[in-house]
Amino acid sequence: MSKNELKREGDINSGSLRAQWNEQLSGRSTQLLGEDERSFLKQSMSTPCLEAMADAEGCYITDVNGRRYLDFHGNSLHQVGYKNPYVVEAVKRQVEELPFIPRRFTADITIRAAQALVNKTTSKDYRVLFTPSGSAAVGLALKIARKATGRHKVISMWESFHGAGLDTISVGGEYVFKKDMGPLMPGVLKGIPYNGYRNLINSESPEEIASFCLRYLEYMIENEGDIGAILLEPIRATDTHIPPRSYFKGLRRICDQHGILLIFDEIPTALYRSGTFYVHQQFGVEPDLLVLGKGLGGGIIPQAAVLAKTKYDCAGDISLGHYTHEKPALGSAAILATIDYIDDHKLGERCQALSAFVRDELDRLAERHECIGDVRIAGLMISIELVKDRGSKESHPDLTERVLYYCLERGLSFKVSGGNCITWHPPLVVTEEELGFAVDLLDEGLSELVD
């Protein structure tokens with residue numbers, strides 16, 4: 001995110017369209033939003049809030065006035081939908097049986113949860129540590145890489161997001177998280193992400209972009225030295241840029257050649273959101289360290305995890321992640337119920353079928369609207385890029401912001417990324433009818449709002 005985009009909706013929560021939105025709120029909503037603002041510290045992307053919620057179930061959230069929103073945002077954690085009955089019952093049962101496991105003890109529930117995550121990997125050659133948040137899990141992965149390699153430097157990507165902690169904003173690339181934060185963690189080198197290379201070399205060839213990207217990474221490694229890890233999102237959750245398989249094959253080769261650990265942050269994108277249980281499985285490689293979170297807790301429990309290749313189980317002499325909930329009883333119950341629900345209801349196959357459906361619908365929509373510059377889809381990670389002119393591809397953030405509020409007023413919630421990307425992350429339990437409603441609403445909004 002550039003400094004010029006910081007006044008957009010979702011960043012400072014106080015644009016002109018937000019003011020118009022506030023004017024139509026009910027007295028009850030206004031009262032609760034005021035109390036919220038007096039109770040919580042303000043921060044971009046959050047407080048002041050849009051509305052006060054009363055319920056969340058399936059694919060929908062409901063505000064205090066009874067208005068329902070089809071939620072294609074969900075902080076990317078509602079793969080199995082809100083209030084999923086499998087997860088709710090599993091957590092209730094666990095509360096009654098064993099709600100908490102003190103440090104230095106274990107239980108069958110946490111062992112089975114760890115094994116379930118490992119069993120979903122291709123090699124099944126991983127060990128697990130649980131953490132209470134994705135940001136903590138990324139920090140833990142960085143610590144494992146330092147311990148395993150004896151090197152403290154890490155290459156991460158501009159425009160990336162890995163969490164809001166001081167260590168994770170150091171490796172992240174979004175300005176809004178770093179602004180006014182002063183000195184950050186040393187040893188972080190920034191590479192240009194795949195989509196950045198596309199713009200840099202003015203090429204639309206995925207293989208050419210990947211080759212350029214890999215050559216530059218090798219140049220950085222050979223000229224900097226002491227690199228212990230490369231950290232990236234295999235597919236960026238915010239704007240759904242999808243590198244080719246050759247990019248990941250090259251990354252794996254470079255890391256192996258230089259003794260560098262490859263860390264994949266799949267916090268918002270795993271559990272079939274991208275079309276495969278783990279994102280990297282569609283690219284034919286495995287990372288040394290895999291970071292998970294968000295949907296891992298079934299949309300109920302805050303839960304994250306780090307999976308490390310067995311050979312990097314080398315830190316028995318230090319406390320890597322000395323967390324109060326390092327063997328989380330409730331989180332483990334949620335993990336197991338989430339995976340069972342995904343498997344029992346064949347949500348992976350469902351995701352692929354729905355992905356093909358929405359791709360066809362959005363491709364047809366793009367033919368009718370010149371302001372749609374690109375449509376990028378991986379599973380049910382969907383980005384629609386709005387531009388002023390398809391030929392020049394100049395971004396159109398003003399239109400994107402107006403479309404957001406147009407859709408919110410009519411019952412569809414989603415995220416705006418990079419200023420001009422409409423990003424949809426629907427739950428895997430979404431129906432064709434609900435996806436069709438979203439496409440039709442977008443069509444209607446673009447038709448009405450484009451001059």
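Things worth noting here:
- Charge-dipole axis of segment 206-344 as Lys and Arg at +1 and Asp and Glu at -1 on Cβ define it, positive-most pick from 308, 246, 282: 282
- Under 5 Å, built H, 5+ apart or other chain: amide partners of residue 189: 154, 155, 156
- Shape call, segment 325-451: gyration tensor on alpha carbons, a/c limit 1.5: prolate
- With the helix formula -39500 (n - 2.57) applied to DSSP H stretches of n ≥ 4, the chain reaches a computed 222 nm mean residue ellipticity of -12500 deg cm²/dmol.
- Summing Cβ point charges (Lys, Arg +1; Asp, Glu -1) relative to the Cα centre of segment 299-365 gives a dipole of roughly 100 debye.
- Segment 172-264: C-alpha gyration tensor shape, a/c 1.5 cut-off, then a/b vs b/c: oblate
- For segment 85-344, the share of alpha carbon pairs falling in successive 10 Å distance bins from zero is 7, 31, 36, 20, 6, 1 percent.
- Relative contact order (%) - criterion: Cα under 8 Å, at least six apart; region: segment 213-323: 20 percent
- A simple count of charges around residue 279, restricted to other residues whose Cβ falls under 10 Å of its Cβ and scoring Lys, Arg +1 and Asp, Glu -1, yields -2.
- Summary value for the chain: 21 percent relative contact order, contacts being C-alpha pairs under 8 angstrom separated by 6+ residues.
- Straightening the chain between residue 55 and residue 322 buys 92.7 nm, computed as 0.36 nm per residue apart minus the Cα-Cα spacing.
- Checking every one of the trypsin sites (Lys or Arg not before Pro) in segment 237-266 against DSSP loop status and a limit of 13 other Cβ atoms within 10 Å picks out no site at all.
- For segment 85-344, relative contact order (Cα pairs under 8 Å, six or more residues apart, normalised by length) works out to 31 percent.
- At 1.567 mPa s and 4 °C, Stokes diffusion of segment 261-310 via Kirkwood alpha-carbon radius, µm² per second: 117 µm²/s
- Shape of segment 141-190, Cα gyration tensor, a/c cut at 1.5: prolate
- Potential extension, residue 447-residue 208 segment - 0.36 nm per residue separation minus Cα distance: 82.4 nm
- Dividing the radius of gyration of the alpha carbons in the chain by their Kirkwood radius gives 0.95 for Rg/Rh.
- Only the Cβ atoms of Lys and Arg (+1) and of Asp and Glu (-1) were treated as charged; on that basis the dipole of the chain about its Cα centre amounts to roughly 1600 debye.
- Look at the dipole of the chain built from charges on Cβ: of 60, 192, 405, the Cα furthest out on the positive end belongs to 192.
- Note that segment 381-393 has calculated 3J(HN,Hα) couplings of 9, 10, 10, 10, 8, 9, 9, 6, 8, 4, x, 8, 6 Hz, one per residue in order, obtained from phi through the Karplus relation 6.51 cos²θ - 1.76 cosθ + 1.60 (θ = phi - 60°); glycine and proline are x.
Every number here is computed from the coordinates shown, using simple stated rules; none is lab data. Source: prediction; values computed, not measured. Don't worry about glycine lacking a Cβ; one is built from the backbone with ideal geometry, like all the others, and counts go over all protein chains shown.
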